[in-house]
Amino acid sequence: MELMALRIVLVPVLLLLLLPLDPAEGVRCFAEFQQGQCSKELGEMEREQCCQNPAYGFQRDGVCDSCGHPTWSLWSFWSTCSILCGQGVTQRRRRCYGATDQSKCQNPSTTTLQVQPCNSTCCTVQGWGQWLSWSPCTVSCGGGGVRRRGRDCLEPPECAATCSGQSEEKETCGTARCPVHGGWAGWSGWSTCTASCLAKRGVVPTRQRHRSCSSPAPSQDTVPPGAPCPGDANHTQPCSHLPNCPVDGIWGAWSPPGLCSVTCGEGLRLANRVCNSPAPQYGGRYCSGPSSRTSECSSLCPVDGVWAGWSSWGQCSGTCVAVGRAPVMTRQRSCSNPAPSSLPPGAACQGPSSESLKCNHLAPCAVDGSWSPWSPFPPCPVTCGAGLETSSRTCSSPAPSHGGQSCKGATQRTRICHTTVPCPVDGVWSEWSAWDKCKYPPNKDIRCMQNRGLQRRKRSCLGPQHNGSICSGNLLLETQRCYDVHGCKISGHWDGWDPWSSCSPACGGVSRRARRRHCKPDYSKYRTNLPVAFDGKPQLKCDLDSSQPPLESEPCLNTPACNDT
């Protein structure tokens, strides 16, 4: 009875895969690792903390490595041929990520360097073409500028190394003196007003200030010359804040004498005249002389106070309008035209003795910006391993205005957060073990017999860790039908050639490569109607052909020198 191929399904054996890490080693931690490139840096931390997440990468000594399972990188591109004309060698490399040495990667016997011969056809040298035109200077004046020009290698890309020397050259330029544009000096103080008061005819006095285009003055000896200052050099302002010009009073006609005042003491019979032809205005002189003439009687009259004219407006209390508090200017008057009598008491002047006016015509004051408080750090954005928290602030307490300075410093700050929770590490399958010896079940030796037996091979699930997924699939053991032909005498025929091996040694000295053809066994006497393997190494017999030996080799010319560093 022929034995059918068996596939035995077993519960996976979980093996803990531990990287040889030094927990206290400080590294730069990154949130992404792809084929040797680290990105999204988190910051400095211990390697153990960084590698709680197997998707992260870390950098030490300038080289980026993986926190995950040890795995081979892709092969690099083949290097250019070691010589430009004739036969040389080309190389490519790979490395084992996620481990301190390549033995941790599967198939550790596989080399990290491959070398093979190449033929370079760069035997006719055309070299460089003509220099191209100079580029425009990076500055037009003032010195420190640079201009460049380049040239093209006339060789094809694979022969570019035949063009020795630089493909670009540069020189300084822009030494002409730059034009100096004019800038205004500060305004002078205001001149005195053209009059000290406002005349009745409505002509308003003015005052002036000026500035000079001298900070700096525009250059005249440059090409082009410097631009003059924009705007006006003089500024005229009406003196509308001045008081009205005083109008002196003139007496009217005398009134007939009146009754005697008898309210207190001796009085007078008064004949009055009024200072109203015209009346004094705006601090003008009151009429000189008495306003009444009297004849004695038994009583006296009190004298009420009268305001004198307003003084001129004073200077503003500031030079600009701050938020919510504008500067003010004031003026005063006195109750002295006449002052109220004291005995008998006259009435005091009614109304305020001073007035204030806001200086709203001034420019607003500059307001420098100030930072708002830092926002709270949010919770750590990751649920395992290390992450990065970000806090921000704005230049809004207050925001800068009217030419005020903006806030100095950064708008964001970050800090590393650690969850102390390792991230899940998914399991990976190991390589299959070698097939064990072909036997007829349960353990009968069938070497050199035409009886089919069975052989097995195994693999294991490396990991997982921290609740990571187990390896996909659950096949840990495979079996196959087989014949045991180890050491058996079997006729054969020559098969095709294997590919050429890599050149060895890869650098320095005499290097060679080889290829082999094999004596393929003739298994026609065995039943192969079902898939079957032949286990072991038989003693094959193939006719030798002196013109086609089973092994041939050739030298690898012009291998590069070994670099000890």
Could you list, in sequence order, all residues of the range 292-322 that are among the hydroxyl-bearing types (S, T, Y) and open to solvent by 60 Å² or more (accessible area, probe 1.4 Å)?
T294, S298, S312, S317, T319
Whether any residue in the range 401-418 is open to solvent by less than 60 Å² (accessible area, probe 1.4 Å), of a type outside the set (S, T, Y) and closer than 30 Å to W72 by Cβ is what I want to check.
no
Among the candidates P373, P352, residue that is within 25 Å of the chain's Cα centre (by Cα) and either in a loop (DSSP other than H, G, I, E, B) or of a type in the set (S, T, N, Q) (or both):
P373
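Here's the yes/no breakdown for (1) outside any loop (DSSP other than H, G, I, E, B); (2) open to solvent by less than 40 Å² (accessible area, probe 1.4 Å):
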| position | (1), (2) |
| --- | --- |
| R456 | yes, no |
| L462 | yes, no |
| S469 | no, no |
| Q480 | yes, no |
| G487 | no, yes |
| W494 | yes, no |
| P499 | no, no |
| A506 | no, yes |
| R512 | yes, no |
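Let's see how each residue does on (1) touching a residue at least 12 places away in the same chain (Cβ under 8 Å); (2) in a loop (DSSP other than H, G, I, E, B); (3) farther than 30 Å from G309 by Cα; (4) of a type outside the set (S, T, Y):
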| site | (1), (2), (3), (4) |
| --- | --- |
| T124 | no, yes, yes, no |
| S140 | yes, yes, yes, no |
| V180 | yes, yes, yes, yes |
| G186 | yes, yes, yes, yes |
Hey, does the range 131-145 have a residue that's touching a Cys at 6+ places or on another chain (Cβ under 8 Å), more than 30 Å from P216 (Cα to Cα) and either surrounded by 13 or more Cβ atoms within 10 Å (Cβ to Cβ) or at pLDDT 80 or above (or both)?
no
Looking at the range 112-130, which of the residues that are open to solvent by 60 Å² or more (accessible area, probe 1.4 Å) and under 30 Å from W75 (Cα atoms) is modelled with the highest pLDDT?
Q116
Sort through R28, R93, R60 and tell me the only one that's among the basic types (K, R), open to solvent by 70 Å² or more (accessible area, probe 1.4 Å) and within 25 Å of the chain's Cα centre (by Cα).
R28
Exactly one of G289, G252 is of a type in the set (G, A, S), assigned to a loop (DSSP other than H, G, I, E, B) and surrounded by 14 or more Cβ atoms within 10 Å (Cβ to Cβ), and that one is G252
Test H235 against the criterion of being over 30 Å from V139 (Cβ atoms) and out of contact with any Asp or Glu (no Cβ under 7 Å at 6 or more places or on another chain), and give yes or no.
yes
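The values are calculated or read from the model by the stated rules, or taken from the named source; none is laboratory data. Since the model is a prediction, treat every value here as computed from it, not as a measurement. In this analysis, Cβ positions are derived from the backbone assuming ideal geometry, glycine residues included, and neighbour counts consider all displayed protein chains. These accessible areas exclude ligands, DNA and RNA; they are computed on the full protein's heavy atoms, side chains included. Shrake-Rupley method; radii C 1.70, N 1.55, O 1.52, S 1.80 Å.
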